[in-house]
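Okay, structure first, notes after.
Derivation of every value follows stated rules applied to the coordinates shown; laboratory data play no part. Every value quoted in this text rests on a predicted model; they were computed, and no experiment measured them. Virtual Cβ from ideal backbone geometry, glycine too; neighbours counted across all protein chains shown.
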Amino acid sequence: MKEQLYTIPLMDAFRAGDECPFCYIERDVEQNAMDFVLGPQASYMQDHVRAETDKMGFCREHYQKMFAYGETLANALILDTRLQLLLKEMKKEIKNYSNLAKFGMMDKLKKDTDSAKGSNNVSRWICEKEESCYICNHIKRNYERYIATFFYLYKKGDKDFIQLVKNGKGLCLHHLADILDAAPLYLNDKEQKSLRGILFPQMEANLERLLEEVDWLEKKFDYRYKDDDWKNSRDAVQRAMQKIVGGYPADAPYRGK
Ligand SMILES: [Zn+2]
Ligand SMILES: [Zn+2]
């Protein structure tokens, strides 16, 4: 993939004033991938794209989203050649079935399904298939470029960008971990410390803010507060969920732009 920086969309994501700009980006990238896979440009009719979706398949979450997208014929065509490939591979694995793991009596007594995982070639093959997803892969590749762009702008000391970061609502916990994990790859110790000096107090302040909003939402169910203003708490549930694990629980299924 061409190494490029996504300065403008990253700045836009920070300007959106969302609970987490990286959730915002992830959703945008995912929706673009859905449009690419099933949308009007019919890329599923191109041989090289089909070869890739046949090979990689999709995860449970993305099959569900593809179903909700609603392009029945496109989905059927994609599934047709994917199933052909799976059938061919599965026949081979079944023919060569072998259970390599030797379990002790204790494992059998405990019925420890985890330790039995991948003990035979058919299960291992299924595991491999489940870990592979064309859309997840697309998101991951793009997301990494956004992380690189974040650190590029931060390291450069881009005043507008740093101001946007400082004025924002922080990140969700999921994406905070990603940023902290990636920081040593892009920043020296001093730069990392100064970034933590922005992010850590911001995360604390914003989790406290959400806690207050959730508290106020609870109060609104009490008759004594029923005539009081909702303040910002009307959608506090979905925003608190996002803050903790990322994503948009209140989003309607995506059906194309
Ligand atoms: Zn996030
Ligand atoms: Zn996926």
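Could you let me know the centre-to-centre spacing of region 217-257 and region 1-44, using Cα atoms, in angstrom?
Computed from Cα coordinates, the inter-centre distance equals 24 Å.
Report ³J(HN,Hα) in whole Hz for each residue of region 42-50, in order, from the Karplus equation J = 6.51 cos²θ - 1.76 cosθ + 1.60 where θ = phi - 60°; Gly and Pro get x.
Computed from phi, the couplings for region 42-50 are 6, 5, 5, 8, 8, 4, 5, 5, 4 Hz.
Label points 7 Å out from Cα along the Cβ direction at Leu100 and Val214: separation in nm?
With each label point 7 Å from Cα toward Cβ, the separation is 4.4 nm.
For the residue pair Ile198 and Leu173, what label-to-label distance in nm results when each label sits 7 Å from Cα along the Cα-to-beta-carbon direction?
If labels sit at Ile198 and Leu173, their model points lie 2.4 nm apart.
What FRET efficiency comes out for Tyr223 versus Ile8 if R0 is 41 angstrom and r is the Cβ-Cβ distance? Round to the nearest 0.05.
Plugging the Cβ-Cβ distance into 1/(1 + (r/R0)^6) gives 0.25.
If amide H atoms are built 1.01 Å from N in the plane of the peptide, which residues on other chains or at least 5 residues away come under 5 Å of the amide H of Glu71?
Counting only residues 5 or more places away or on other chains, the set is empty.
Let's test the formula: R0 of 30 Å, r as the Cβ-Cβ distance of Phe67 and Arg124. What FRET efficiency results, to the nearest 0.05?
0.65
In percent, how large is the relative contact order of region 32-105, given Cα pairs closer than 8 Å and 6 or more residues apart?
So the answer I get is 30 percent.
List the longest stretch of the chain that has no exposed loop site; here a site is one of the GluC sites (Glu not before Pro) assigned by DSSP to anything other than H, G, I, E or B, with at most 11 other Cβ within 10 Å.
In the chain, the maximal stretch lacking such sites is 4-130.
Considering only Cα-Cα distances, which of the following residue pairs are longer than 25 Å: Lys65/Lys169; Lys92/Lys140; Lys169/Lys190?
Distance filter (> 25 Å) returns Lys65/Lys169; Lys92/Lys140.
Given Lys129/Lys257; Lys220/Lys243; Lys91/Lys129, which pairs have Cα atoms separated by over 25 Å?
Lys129/Lys257
Under unit Cβ charges (Lys, Arg +1; Asp, Glu -1), what dipole magnitude, rounded to 20 debye, does region 139-257 have relative to its Cα centre?
Taking the Cα centre of region 139-257 as origin, the dipole is about 480 debye.
Could you tell me which Cys residues in the chain have no other cysteine's Cβ under 4.7 Å from their own Cβ, answering none if every one has a partner?
Flagged as lacking a Cys partner: Cys127.
Normalized C-alpha radius of gyration of the chain, against 2.2 N^0.38 Å?
1.27
Using a Förster distance of 30 Å, how high is the FRET efficiency between Leu79 and Glu144, based on the Cβ-Cβ distance and rounded to 0.05?
According to the calculation, E is roughly 0.55.
Which log10 I(q)/I(0) values, to two decimals, does region 132-257 give at q = 0.09, 0.10, 0.15, 0.17 Å⁻¹ under the Debye formula with one point per Cα?
The Cα Debye sum returns log10 ratios of -0.36, -0.44, -0.87, -1.02.
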